[in-house]
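S.K.: Could you have a look at this structure, given as structure tokens, before my questions?
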Amino acid sequence: MFHISSIKRFLLVAVISLITVAWLLSAVFNFHASREQVEELFDAELAQMSRILQSVMNNHIRANSSTFSASLNYLDKDLLLETFGHQEFNELGHKYEKKLAFQVWDAKGKLFFENSSDLPKRFETLRAGYADVNDGKKAWRTFTLQDPDFGFWVKSAQREDVRTELTGQIALNTMLPNLLMIPVLIFLIAWLIRKGLAPLAQISQALKGRGYQNLDEINAQAYPVELRYLVGELNDLFTRVSEASERERRFTADAAHELRTPLSISKVHLQNILQVSQSEQVKEFVRKALIGIERLIHMVQQLLILSRLDAQQEQEVPRNVALYPMAKEIVAELQAHQTKADKHIVIRHQDDCLWLTRETQMRILLRNLLDNAFRYANEHSQIELELSEDAIVVFNTCEPMSEQQLAWNLERFKRGNSTQQGSGLGLSICQQICKQNNYTMVMKNRRVMKNRSDEEPGVEVQITKNN
Amino acid sequence: MRILLVEDDALLADGIKTSLMLANFNVDVVHKGEHALHALSCEQFDLCILDIGLPGISGFEVVNQLRQAQNTIPVLMLTARDQITDRVKGLDQGADDYLLKPFDVEELKARIRALVRRTHGEGSSKLECGDVVVDAQAFTVTKGDQEIKLSPKEFSVLHELLLHRGRVLSKDQLTELVYGWSEDLDSNAIEVHVHHLRKKLGNAIIQTIRGVGYKVS
């Protein structure tokens, strides 16, 4: 079974090809049929002319009450020639009239008269009826008859080349309207196919134009009966996907939500132990347990953010957001929670850096980028945040990473450094936000000058707007 | 300071109670909204820590009913719900503050102190009466330049009287505020604490209103 890549193209090619082939076949048939009909007409014309001439001659002989030979004395040859033509005809006639020729022979084989010297003059070849004569110079179609009363022969002839030209022209003339109709027909077929397939194009457009999260139903009633079933099935699929997505989102949200209470229990009791314990060793164990709890809390928080991103995108309308004031708030917040004040963030910016974006998502994006840089930056280092109208760049010093590690960092639950307290979700959340807002996120190694002679390796995350 | 903790999770309630008691708060626990409404209508508390997701009446409903009954006790909502809509709803129903689980115990204590201060119109955690200064955050009492050592219960009695400055607190009210429900105590325990406080800080600081109770002017 052959593969159809485009229904419209397939229908256009198939229908136009079929019509063209059908037209060609019918044209060939019509051409031959027309030629035959015209030939028949010409033959009839020849016979008619011979009979008229025979009748004129017969009447003339009867009128003179004589024999054929005697009557010839009274026959006005000039009048005959004028009537049945040899000289040039005037504008009232037809240009092919002069191509008609005739001969009149008496019963003994004497040529009485003729209007054209081109027609072969051989009495012995005279036979009643139609014949094709070719003397090597010209081909003729002839009709011969003998008068039953006086025995004279009348032969009328027509040049084959004239007949062929005329029949060809007449046959072609019958085909011309059909030939002219072909481009019109092709145009009409193309228009009808396009019109007929328009609902399919509309569905494609409706599906193409919607965001990947838009699972709203398509109005099936707006489409022809043949497509309603398809649209109905699509709507069912949308509903199922939407429900599955909602279930997944709710599960993540519920799970994260339900984890908060047990996490609170663990944290409160561990903090109580830390407060009452007299043993430094116990306190040390509890501190480590608290670090684990904090990591879990962070992960739960990130899971909740992740589960809500889709809903936020639908609910929040993009507006102009000043990135610099937002970044300042986030930096202050992050630095306030820093246990060791050994890392600091420098913001480089152009004015307020207005971005047309969803504020909540942008806040999450900036926070996660900076939080990530904080976690993985070298101790006693500087984190750089560059803001511009087109890009956000966060750089922190750390060991250079392989291409595989850089790719891993953008995957869920993959942490750049296993000794750090990340959830492995921060950058994948950033990537999802970028995807939803049509930004590109790139993570790459970069070296900066530590001092005049030394370079320091690090990692840069760059967010740029897609056009 | 007497706090009513309304939390359906017994383990968490126990942890919070322990934390707060270690910080010298007097904490009583109930696990249902109905019980909280009953306790708050019958007894005196300085603050209520209220979970939202309670069995039966929700935390939102509890705070709503409290405010409808003209009860102005400061309410700190404690919940796992972090959506802004939940916070707004809680605050609109009449809660005074909102703390998200999982929280840091130190933050909880600080918010409790801040709420109580705001309720009593105090600007800082330090309460003064003459040359006596009570620092609820540092848990210290000074008279002039001298630090006075007080037992936790003596501190609580003095702190409650200062928080309710100008008002007479009966012996029963003070007992409730300082001891709550959980402890067995002698009937003259408050009198003993007041006696010790007068001994350490001077007789003038606490006045006895005969047949009614005690007050700090």
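The values are calculated or read from the model by the stated rules, or taken from the named source; none is laboratory data. Worth saying up front: this structure is predicted, and the values here are computed from it rather than measured. We place every Cβ from the backbone using ideal geometry, glycine too, and count neighbours over all the protein chains shown. Quick note on the areas: whole protein, heavy atoms, side chains included, nothing else; ligands and nucleic acids left out. Shrake-Rupley method; radii C 1.70, N 1.55, O 1.52, S 1.80 Å.
S.K.: May I ask which residue of A:268, A:398, B:56 lies farthest towards the positive end of the charge dipole of the protein assembly as shown, with charges of +1 (Lys, Arg) and -1 (Asp, Glu) on Cβ and the Cα centre as origin?
M.R.: A:398
S.K.: Now, a different point. With an 8 Å Cα cut-off and a minimum separation of 6 or more residues, compute the relative contact order for the stretch B:1-86 in percent.
M.R.: Dividing the mean separation by the residue count of the stretch B:1-86 yields 31 percent.
S.K.: With viscosity set to 0.692 mPa s at 37 °C, what whole-number translational diffusion coefficient in µm²/s follows for the protein assembly as shown from Stokes-Einstein and a Kirkwood radius over Cα pairs?
M.R.: Reported coefficient: 90 µm²/s.
S.K.: A drop of at least 10 square angstrom in accessible area, chain alone versus all protein chains together, probe 1.4 Å. Which residues of the stretch B:63-107 meet that?
M.R.: Checking the loss per residue gives B:80, B:81, B:82, B:83, B:100, B:101, B:102, B:103, B:104, B:105.
S.K.: Let me ask something else. Hey, how much of the P(r) for the stretch A:154-222 falls beyond 15 Å, as a percent of Cα pairs?
M.R.: I get 74 percent for the Cα pairs in the stretch A:154-222 exceeding 15 Å.
S.K.: Just the number, please: Stokes-Einstein D of the stretch B:7-90 in µm²/s, Kirkwood Rh from C-alpha pairs, 20 °C, 1.002 mPa s.
M.R.: 162
S.K.: Quick one: putting +1 on the C-beta of Lys and Arg, -1 on the C-beta of Asp and Glu, what dipole do you get for chain B around its Cα centre, in Debye to the nearest 20?
M.R.: For chain B, the charge dipole is close to 780 debye.
S.K.: From the cross-link list B:17/B:126; B:17/B:200; B:32/B:101, which pairs have alpha carbons spaced over 20 Å apart?
M.R.: Distance filter (> 20 Å) returns B:17/B:126; B:17/B:200.
S.K.: Would you mind telling me the share, in percent, of accessible area of the stretch A:158-251 contributed by carbon and sulfur at probe 1.4 angstrom?
M.R.: After summing per-atom areas, the C and S share lands at 63 percent.
S.K.: Another question about this same structure. Once you average over the residues of B:13-23, how many Cβ atoms of partner chains fall within 10 Å of each Cβ?
M.R.: 4
S.K.: Report the semi-axes of the equivalent ellipsoid for the stretch B:108-178 in whole Å, largest first, where each axis is √(5λ) for an eigenvalue λ of the Cα gyration tensor.
M.R.: Computed over the stretch B:108-178, the values are 18, 16, 12 Å.
S.K.: What's the buried accessible area, both sides, between A and B using a 1.4 Å probe, rounded to 100 Å²?
M.R.: Counting both chains, the buried surface is close to 1600 Å².
S.K.: For every other residue with a beta carbon closer than 12 angstrom to the beta carbon of residue B:190, add +1 if it is Lys or Arg and -1 if Asp or Glu, then tell me the sum.
M.R.: Surrounding charge for residue B:190 is -4.
S.K.: With N denoting the number of residues in chain B, provide Rg(C-alpha) divided by 2.2 N^0.38 Å, to two decimal places.
M.R.: Rg over 2.2 N^0.38 Å, computed on Cα atoms: 1.03.
S.K.: Among B:66, B:4, A:5, which residue has its Cα positioned farthest towards the positive end of the charge dipole of the protein assembly as shown, with +1 placed on the Cβ of Lys and Arg, -1 on the Cβ of Asp and Glu, and the dipole taken about the Cα centre?
M.R.: Projecting each Cα onto the dipole axis, the largest value belongs to A:5.
S.K.: With N denoting the number of residues in the stretch A:168-316, provide Rg(C-alpha) divided by 2.2 N^0.38 Å, to two decimal places.
M.R.: Dividing the Cα radius of gyration by 2.2 N^0.38 Å gives 2.25.
S.K.: Along its principal axes, what span do the Cα atoms of the stretch B:1-49 show, with the longest given first and each in whole Å?
M.R.: Largest first, the stretch B:1-49 extends 27, 23, 10 Å along its Cα principal axes.
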